[in-house]
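Enquirer: My questions all concern the structure below.
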Ligand code: NAP
């Protein structure tokens with residue numbers, strides 16, 4: 001298929017590379033020049049990348065970035081034709097997704113929200129899980145591209161339901177990790193060896209994919225970014241915004257947001273979100 005891939009960050013670059021590897025004709029664009037993908041052509045603007053594409057795939061930071069790529073100066077909108085599909089793997093606001101989809105459909109194209117889970121390692125290995133929202137037949141048409149970049153597509157419902165499920169999932173990930181970070185800090189303060197604590201977690205019903213993935217990094221205090229803290233912070237704000245719109249009280253994630261505020265203030269925005277542990281440890285005096 002002819003694909004325009006927009007956004008070559010930690011996730012987007014390996015996703016686009018996997019599309020090339022699977023034999024698709026890929027045109028890439030990134031806001032900052034200099035990021036390229038071997039085997040893909042580089043376009044000067046989103047509109048240019050999308051000009052001959054059947055599918056436009058985005059993976060950029062946040063809601064404002066998606067709006068800019070689609071509808072900004074030289075945005076994708078200028079190149080939309082009936083029959084095209086726009087797919088968004090960024091994690092953004094479900095409410096804005098509905099507006100963006102409406103504007104895209106006004107041009108005769110279709111829109112699928114398809115945020116991902118699996119992190120950098122899943123993007124590189126072509127093992128992402130797509131959390132999709134949109135029409136069944138449009139999602140079916142995208143199947144060759146999903147297969148090139150991931151191992152599973154979970155269809156959550158109509159437009160926006162992919163983003164809605166994704167932010168709910170990230171609420172859980174953020175809270176599971178904070179539980180681990182606080183438990184680890186308490187145990188260490190009480191004199192328990194951290195590796196033995198991780199052994200307890202893995203042997204018991206506390207076990208989680210989040211801890212399995214993060215523990216080896218955390219035990220070395222390696223906070224190099226797989227999922228940057230600033231992006232998880234953005235997702236926590238998406239959760240809190242949605243909760244406010246719905247009149248929901250979600251006190252746990254509110255408390256976690258405070259830890260993220262402090263982590264950003266302490267200079268950890270570009271570290272992995274695992275670095276919230278550094279703040280908890282600083283408060284505990286166990287750095
Ligand atoms: P990243 O490495 O920070 O890359 C962000 C990308 O967005 C870059 O290409 C950046 O361009 C572009 N961008 C930022 N602001 C823009 C704007 N205003 N206009 C156009 N482009 C803009 O982030 P990432 O880790 O790849 O994450 C991308 C998305 O996937 C995010 O929504 C994130 O929440 C989600 N996600 C990430 C992970 C993960 O583990 N990393 C997992 C699941 C989901 P420049 O190069 O010019 O800065």
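Enquirer: Ratio of Rg to Rh for segment 164-284, alpha carbon only, Kirkwood?
Expert: Rg divided by Rh gives 0.97.
Enquirer: Hey, another quick one. Run the Debye formula on the Cα coordinates of the chain, all scatterers equal and no solvent, and tell me log10 I(q)/I(0) at q = 0.10, 0.11, 0.16 1/Å.
Expert: -0.55, -0.66, -1.22
Enquirer: Quick one: plug the Kirkwood hydrodynamic radius of segment 1-62 (C-alpha pairs) into Stokes-Einstein at 20 °C, 1.002 mPa s, and report D in µm²/s. Walk me through the numbers before you get to the answer.
Expert: Values: Rh = 11.0 Å.
Using the Kirkwood radius from Cα pairs, D works out to 194 µm²/s.
Enquirer: Using all C-alpha to C-alpha distances in segment 1-105, build P(r) with 10 Å bins and read off the rounded percent in each one.
Expert: 17, 54, 27, 2
Enquirer: Taking every DSSP beta bridge that has both residues in the chain, what percent is antiparallel when rounded to the nearest 5?
Expert: 15 percent
Enquirer: Kindly rank 268-276, 166-174, 119-127 from highest to lowest mean number of other beta carbons found within 10 Å of each residue.
Expert: Packing proxy ranking, top to bottom: 268-276, 166-174, 119-127.
Enquirer: What is the distance, in nm, between label points placed 7 Å from the Cα along the Cα-to-Cβ direction at residue 266 and at residue 222?
Expert: 2.1 nm
Enquirer: Rounded to the nearest 5, what % of the DSSP beta bridges within segment 2-158 are antiparallel ones?
Expert: 10 percent
Enquirer: As a test of the formula, what do you get for the chain when each DSSP H run with n ≥ 4 contributes -39,500 (n - 2.57) and the sum is divided by the residue count, at 222 nm and rounded to the nearest 500 deg cm²/dmol?
Expert: -16000 deg cm²/dmol
Enquirer: Hey, rough spin-label estimate for residue 81 and residue 200, points 7 angstrom out along Cα→Cβ, what's it come to in nanometres?
Expert: In this crude spin-label approximation the distance works out to 6.3 nm.
A short reminder: the numbers here are calculations on the coordinates, not readings from a lab. Being a predicted model, the structure only gives us computed values, none of them experimental. For neighbour counting, all protein chains shown are included, and Cβ atoms are generated from backbone atoms with ideal geometry for every residue, glycine included.
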